[in-house]
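Enquirer: Handing you a structure now.
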Amino acid sequence: MVKSIVLTAIHLLLLTISGQVLHAQERCGTTGGPGSIGYVAIPSGNFSPQDDSPIFIRVYVHVIGKDDGSGAPTLAQVKTSMERLRDDFKTHNIFFVQECGLIPINNTALYNASDLSHPNCNLTQYSNHPDGIDIFIGGDDAPGVNAASGIPGKSFIIKGSIYGDEAPYCTTALQWVSSRSHTFSHEMGHCLGLWHTHHGIEIGGVDCNGNVADINVHEDSVATSNDDAMTGDYIEDTPPDPKMYACTPNIFQNCVYNLGETDSAGTPYDPDETLIMSYSHDKCMTRFTPDQGARMRTMIETVSPVLQACVVHPDYTGQQTINSTTTWSPSNTPNNGDIRIEGDLVIESGATLTIQAGVTVHFGPSNNLIIKPNARLVLHGTLTSRGCNSYSWKGVQVWGSGSGQSQYAVNGVYAQGRIQCRPGALIENAETGVQLSGPNADMSGGQISCDGATIKNCVIGVDFSVYHNYWPYPTTQQNQPRNYAASFFSTAFLVDDSYAFSSVPVMASLKGVNGVLFSGCDFRNTRDKVENSENPADKGIYAFDAGFSVIARGEGDTYPYSSYKHTTFTGLGYGIYTTKGTDGKPYIVKQAVFEDCGVGIRNVQVAGATILFNTFLLGKVPYIYVPIIDIGEPGEPIDTLAPPNQYGVVFESAVAGFTCQENLFMN
């Protein structure tokens, strides 16, 4: 449970901050202090993400608002901040696991504080999570204060925005919001042991308690052949920096420093404008150097006990293999069923893994759950990523066999893998929730059946590759085509504000298959209409040379049924988008409800469609603008947008026959 923290006075600040007053371009108040660490030996070969396992750091996010809670960052804004950390640190295989939920601090005095120079400028009584880094984020309009608690540090505060003040290079317009810029990663860099790249000229300075910030600092000399790891920022591959400012000539315009300042020996500075630990303009910042990455990893792994306590250790590392019938339950798995895996989970042929309700399996960003041919996953629990919102994993791969083998069992053996999602099952935050092929697209035909499951916030929810099923047994029907072994009953395909990707989501992508069944399903997009308007034309079902049925699900114990659960499509650019390549297949849509979609059904050259007894609720145009011409495959960005017209059904490009009647269109 998240508790609201209300501070009564500014002197109750919690974060052991060694801050200082932020002037116009003094973007960071971090000065180090007692316990801060200077030179540290790092491995001569640096760390390589390919050679060293990922490090996961737990973080807690506090949001600072006014007394009435107004002005605090929103969940969507915090998500953007965490995405910035993900993108800036992933090159060095450092990731952050956000504990779900935001911790509110409603205090107008703290919200309006313009510096952290008060003698009691520490926040320890509220930032005392021993197992994670505490991050305090204030509103965009709050006075700017950005500072970490030390180098390395246990917490940092960031709030406000940066405005230009050195005309004509920067106007007085907004340059960036601190918490959603590289400044956010800059402060985390301090927490993980990095100094400013201009630390060589940060002579003097004191922390909140009057302690000298870094008594060992010495100027980096430009004249040396290599930067000296014993001076300046204690990093060898960061060139000496004269403390360049974002709005000075050519940095703002071209990300090039050209002021001609010299070091004490008269040698001109040539700093790296791309470094996040500098004071370069945010638009110029892109990276930490290899040595900076190595120093952070060294701090975490061998130097700082405080940081070591924040590391989230996986329960299983490396590939985990299931070779026989196995059940995972809360009682026989780590952490009462809250499992973290850093590696692929592979179910071998002949084995079945059952994941019971109450078990959540967290996968790392490069990991898959692989179901090999004649293997099976029975899912009642949850498959997800690490932390909240900003991280993903690869997803489930159900390996196939290609079209040369049937999906029916022959002598008790299935030529493909199978996944069965039972009521309450959840697959979320994956690049592809369930990929029904593998190890490549030619090995297709993976089987799926879902009833009462949820597939949520995936770029592609379920992905079908070309496959033709047939009857394998020696009867008069041998080798005759059969429907694909795929059915979805009462399954929810959802996208909401926790969607972690920039690509356009497609909930079910069908290519070159026939007979896929959707009965009583819910395809729904509830993402914030403003925050995500750059992601147009998402699709519920995308079918390329593919046949399928969308129907209602009968409810009750008698026939005819007493009621029906309709398949629904809500808030989508396209509810259904079906198109012909070389072999368009007929499809059926009956008794479905399309609400607030840009286009309910779009049919491009597909003959033989049956569209009956559906309801199209129009009048509220979704935030997604529909492109004039469809561009690319599912997941690709779309740049060309049409006016936000709204259509129930669209047939185009010479459709040779269809049935479309008894449908209701309502405004």
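The values are calculated or read from the model by the stated rules, or taken from the named source; none is laboratory data. Computed from a predicted model, the values in this text were never measured in an experiment. Cβ atoms come from the backbone with ideal geometry, glycine included; neighbour counts cover every protein chain shown. Side chains included, ligands, DNA and RNA excluded: accessible areas come from the protein's heavy atoms. Shrake-Rupley method; radii C 1.70, N 1.55, O 1.52, S 1.80 Å.
Enquirer: So residue 335 clears everything in (1) modelled with pLDDT under 95; (2) touching a strand residue (DSSP E or B) at 6+ places or on another chain (Cβ under 8 Å) except one condition, right? Which one?
Expert: Every listed condition holds for residue 335 apart from (2).
Enquirer: Identify, please: which residue in the range 459-484 is of a type in the set (S, T, N, Q), in contact (Cβ under 8 Å) with a residue 12 or more places away in the chain and part of a loop (DSSP other than H, G, I, E, B) and is, among those, surrounded by the fewest Cβ atoms within 10 Å (Cβ to Cβ)? Don't jump to the end; show me each part of the working.
Expert: From the range 459-484, those of a type in the set (S, T, N, Q) are 465, 469, 475-480, 483; that's our starting set.
From the residues that got through so far, the ones that are in contact (Cβ under 8 Å) with a residue 12 or more places away in the chain too are 465, 469, 483.
Add one more test, that the residue is part of a loop (DSSP other than H, G, I, E, B), and what stays is 465, 483.
Working: 465: 22, 483: 16.
Only one residue tops the list, namely 483.
Enquirer: In this structure, is residue 371 at pLDDT 95 or above, open to solvent by less than 30 Å² (accessible area, probe 1.4 Å) and within 23 Å of the chain's Cα centre (by Cα)? Outline the logic, then answer.
Expert: On the way: at pLDDT 95 or above: yes; open to solvent by less than 30 Å² (accessible area, probe 1.4 Å): yes; within 23 Å of the chain's Cα centre (by Cα): no.
In short, no.
Enquirer: Applying the selection to the range 422-458, what residues are surrounded by fewer than 24 Cβ atoms within 10 Å (Cβ to Cβ), assigned to a loop (DSSP other than H, G, I, E, B) and within 15 Å of the chain's Cα centre (by Cα)?
Expert: 431
Enquirer: Being under 17 Å from residue 447 (Cα atoms) and at pLDDT below 95 is the requirement here; does residue 402 meet it? Before the answer, list the steps.
Expert: Details: under 17 Å from residue 447 (Cα atoms): yes; at pLDDT below 95: yes.
Yes; evaluated as a whole, the condition is true for this residue.
Enquirer: Please verify whether the range 614-625 includes one or more residues that are modelled with pLDDT of 90 or more, of a type in the set (Ser, Thr, Tyr) and either more than 26 Å from residue 466 (Cβ to Cβ) or outside any loop (DSSP other than H, G, I, E, B) (or both). Don't jump to the end; show me each part of the working.
Expert: Taking the range 614-625 first, the residues modelled with pLDDT of 90 or more are 614-618.
Filter again for of a type in the set (Ser, Thr, Tyr), leaving 615.
Now drop any that are not either more than 26 Å from residue 466 (Cβ to Cβ) or outside any loop (DSSP other than H, G, I, E, B) (or both), which leaves 615.
Within the range 614-625, one or more residues are modelled with pLDDT of 90 or more, of a type in the set (Ser, Thr, Tyr) and either more than 26 Å from residue 466 (Cβ to Cβ) or outside any loop (DSSP other than H, G, I, E, B) (or both).
Enquirer: Out of the residues in the range 187-203 meeting the condition of being assigned to a helix (DSSP H, G or I) and in contact with an Asp or Glu (Cβ under 9 Å, 6 or more places away or on another chain), tell me which one is surrounded by the fewest Cβ atoms within 10 Å (Cβ to Cβ). Steps first, please.
Expert: Of the residues in the range 187-203, the ones assigned to a helix (DSSP H, G or I) are 187-191, 199-201.
If we keep only those that are in contact with an Asp or Glu (Cβ under 9 Å, 6 or more places away or on another chain) as well, we get 188-189, 199-201.
On the way: 188: 26, 189: 28, 199: 28, 200: 26, 201: 18.
Selected residue: 201.
Enquirer: Those residues that are among the small types (Gly, Ala, Ser), farther than 22 Å from residue 179 by Cα and without any contact (Cβ under 8 Å) to a residue 40 or more places away in the chain, I need them from the range 246-298; list them, please. Reasoning before the result, please.
Expert: Our first condition is that a residue be among the small types (Gly, Ala, Ser); within the range 246-298, this holds for 246, 260, 264-266, 278, 280, 293-294.
Narrowing the set further to residues that are farther than 22 Å from residue 179 by Cα leaves 260, 264-266, 294.
Of everything in the range 246-298, those that are among the small types (Gly, Ala, Ser), farther than 22 Å from residue 179 by Cα and without any contact (Cβ under 8 Å) to a residue 40 or more places away in the chain turn out to be 260, 266.
Enquirer: Go through the range 496-524 and give me each residue that's modelled with pLDDT of 95 or more and over 26 Å from residue 402 (Cα atoms). Before the answer, list the steps.
Expert: From the range 496-524, those modelled with pLDDT of 95 or more are 506-524; that's our starting set.
Correct list: 519, 520, 521, 522, 523, 524.
Enquirer: Quick one: how many residues across the range 579-610 are in contact with a His (Cβ under 6 Å, 6 or more places away or on another chain) and under 19 Å from residue 483 (Cα atoms)?
Expert: Final tally of qualifying residues: 0.
Enquirer: What's the total number of residues in the range 55-81 that are under 11 Å from residue 102 (Cα atoms) and among the hydroxyl-bearing types (Ser, Thr, Tyr)?
Expert: Matching residues across the range 55-81 total 2.
Enquirer: I want to confirm something. Restricting to the range 299-312 and keeping residues that are touching a residue at least 60 places away in the same chain (Cβ under 8 Å) and open to solvent by 20 Å² or more (accessible area, probe 1.4 Å), which single residue is farthest from residue 52 (Cα to Cα)? Even if it seems obvious, please write down each step before you answer.
Expert: Here is the first cut: in the range 299-312, the ones touching a residue at least 60 places away in the same chain (Cβ under 8 Å) are 299-301, 303-304, 306-307, 309-312.
Retained after the next criterion (residues that are open to solvent by 20 Å² or more (accessible area, probe 1.4 Å)): 301, 303, 306, 309, 311.
Numbers: 301: 12, 303: 17, 306: 21, 309: 19, 311: 15 Å.
The qualifying residue farthest from residue 52 (Cα to Cα) is 306.
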